[in-house]
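All remarks here apply to the structure that follows.
The values are calculated or read from the model by the stated rules, or taken from the named source; none is laboratory data. None of these values were measured; they are calculated from a predicted model. Glycine also receives a Cβ, built like all others from the backbone with ideal geometry; neighbour counts cover every protein chain displayed. Ligands, DNA and RNA are excluded from the accessible area calculation, which covers all protein heavy atoms including side chains. Shrake-Rupley method; radii C 1.70, N 1.55, O 1.52, S 1.80 Å.
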Amino acid sequence: MDQFLTDQFLTDRSLIDYPPEFLPTQERVVLAEERGAVVLPIKISANPSEVTYTWSRNGQLLVKDGPTRHHLKSDGALEIWNLTRDDAGFYQIDLRNEEGENEMLVKVDVLYSPRIHRISDPAEVMVGGSVELVCTADANPVCSNMVIWKWTGQGREVTEDDQLFMNNTTKLIIEDAKRSDAGRYECSADNGISPEATASAQLIVQFKPELQKAVELSKVAVSGDETTTAILTCKAEGIPNVEFDWAKNGVTLDPNNPRYLQTTLHEGPLHTAQLSIVNASAALDYATFTCTAQNPLGLDVFDIHLVSSSRPDPPTGLKVLSKTHNSVTLAWSAGFNGGLEQTFQVR
């Protein structure tokens, strides 16, 4: 039907001189994919038929001498090679013959694969709090549920109920955050044009210090003859970084005292403090030392007793792990070693 109308239109006007006119079948929007090529077609009638075609964009002529991605075809159409997303927009075609001129805008819609251009990384939340991880992708077309989040670790699953889908943006909402929620999350975007885009974000769950209070850390034994160095170790988990203070029998130690050397090591959420007592003396140093671990969210304390070398404490928790017809596997928890290397004998 369209072809019949076009032929009839041309036949009725074949004897009349008139400026270029666009046919009813002229396309005003052309779809193309990035990295490909596109032809912007021209469908006109004119008499005389000798027409000059001039393509421009934003006032700049497109068809020029020398190497170019823009090529004028014999029928006046514009061909563009190696498309990028920046080629999307309106192109103007100006037509002219001896009778006059005409013009039109043709829109090029460039379809392209997603690119993630905004992501919450890192994201921080306190234990018990709520946090949103936001991921936004640039893509054309934009599809429903195009952007999704997933957990990259083990033992946790991100469901659709955890996510808020908003066109090219998706929010992962974590409420009542737990320490186990910390880790890396991956955002991916797929609109049907490959390749899929991915990016990741680290969620940091902040919590107050929690000191390790194992039996083997609560006592340190040395001879006390002023010839050995006693090393007291204090370990805490916490985010953000944990700082330590030491006290002896309730009195804060002077960090500049050369007999008491304090060092701290930070390894992610694990923080280790050591107090080295040089030339430990029974008279001066057999005491209760208190380690205080602190960050902006709170503190925790742990007492370490420096005592004389002695016999070990008895082991605890003796139990049978497994047995066969001719063997048995036992396990136990070692007690304080009294400051000396200890061995175990099973009877």
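A few points about this structure:
- Normalising the average separation of contacting C-alpha pairs (under 8 angstrom, six or more residues apart) by the number of residues puts the relative contact order of the range 41-114 at 32 percent.
- Listed by chain and number, the aspartates and glutamates placed with their C-alpha closer than 20 angstrom to that of Lys208 are Glu124, Glu175, Asp176, Asp181, Glu237, Glu243, Asp245, Glu267, Asp300, Asp303; residues fewer than eight positions away on the same chain are left out.
- Cβ-defined net charge surrounding Pro312, 13 Å radius [Lys, Arg +1; Asp, Glu -1]: -1
- Cysteines of the chain lacking any other cysteine Cβ under 4.7 Å from their own Cβ: Cys143.
- Accessible area of the chain belonging to carbon and sulfur atoms, whole % at 1.4 Å probe: 50 percent
- Across all directions, the average projected area of the convex hull around the alpha carbons of the range 296-345 is 6.5 nm².
- Treating r as the C-beta distance of Gln345 and Asp225 and R0 as 30 Å, the FRET efficiency rounds to 0.50.
- Count Lys and Arg as plus one, Asp and Glu as minus one, and take only other residues whose Cβ is under 15 Å from that of Gly128; the net charge is then -2.
- Based on alpha-carbon atoms, the Kirkwood radius and the radius of gyration of the range 198-256 give Rg/Rh equal to 1.15.
- The mean accessible area for residues of the chain, using a 1.4 Å probe and ignoring ligands and nucleic acids, is 59 Å² per residue.
- Normalised by 2.2 N^0.38 Å, where N counts its residues, the alpha-carbon radius of gyration of the range 201-347 equals 1.27.
- Per-peptide packing, taken as the mean over residues of other Cβ atoms within 10 Å, places 263-269, 71-77 in the sequence 71-77, 263-269 from highest down.
- Cross-link pairs beyond the 23 Å C-alpha cut-off, checked among Lys150/Lys178; Lys150/Lys235; Lys219/Lys323; Lys107/Lys171; Lys213/Lys323; Lys219/Lys319: Lys150/Lys235; Lys219/Lys323; Lys107/Lys171; Lys213/Lys323; Lys219/Lys319
- Electrostatic bookkeeping for Pro41 treats Lys and Arg as +1 and Asp and Glu as -1; over the other residues with beta carbon under 11 Å from its beta carbon, the sum is 0.
- 3J(HN,Hα) along the range 86-96, derived from phi through the Karplus expression 6.51 cos²θ - 1.76 cosθ + 1.60 where θ = phi - 60°, amounts to 6, 7, 5, x, 9, 10, 9, 10, 10, 10, 8 Hz, with x in place of Gly and Pro.
- Highest to lowest packing among 98-108, 138-148, scored as the average C-beta count within 10 Å: 138-148, 98-108
- Peptides 249-257, 164-172 ordered by packing proxy, namely the average of other Cβ atoms within 10 Å per residue, highest first: 164-172, 249-257.
- Residues with amide H under 5 Å from that of Met126, placed H, sequence gap 5 or more: Gln206
- Computed label-point distance, nm, for sites Ile173 and Ser322 using a 7 Å Cα→Cβ extension: 4.8 nm
- For the chain, the longest principal axis of the C-alpha atoms and the axis of helix 2-12 are separated by about 30°.
- Alpha carbon Rg of the range 36-126, scaled by the compact-globule rule 2.2 N^0.38 Å: 1.56
- Span from the the range 236-292 Cα centroid across to the the range 309-347 one, whole angstrom: 30 Å
- Distance in nm between pseudo-label sites at Thr272 and Arg85 (7 Å out along the Cβ direction from Cα): 4.7 nm
- Radius of gyration (Cα atoms) of the range 133-246, expressed as a multiple of 2.2 N^0.38 Å: 1.74.
- Mean ellipticity per residue at 222 nm, deg cm²/dmol - from DSSP H runs of n ≥ 4 across the chain, formula -39500 (n - 2.57): -1500 deg cm²/dmol
- Kirkwood hydrodynamic radius of the range 47-192, Cα pairs, Å: 19.3 Å
- Computed from Cα atoms alone, the Kirkwood hydrodynamic radius reported for the chain is 28.2 Å.
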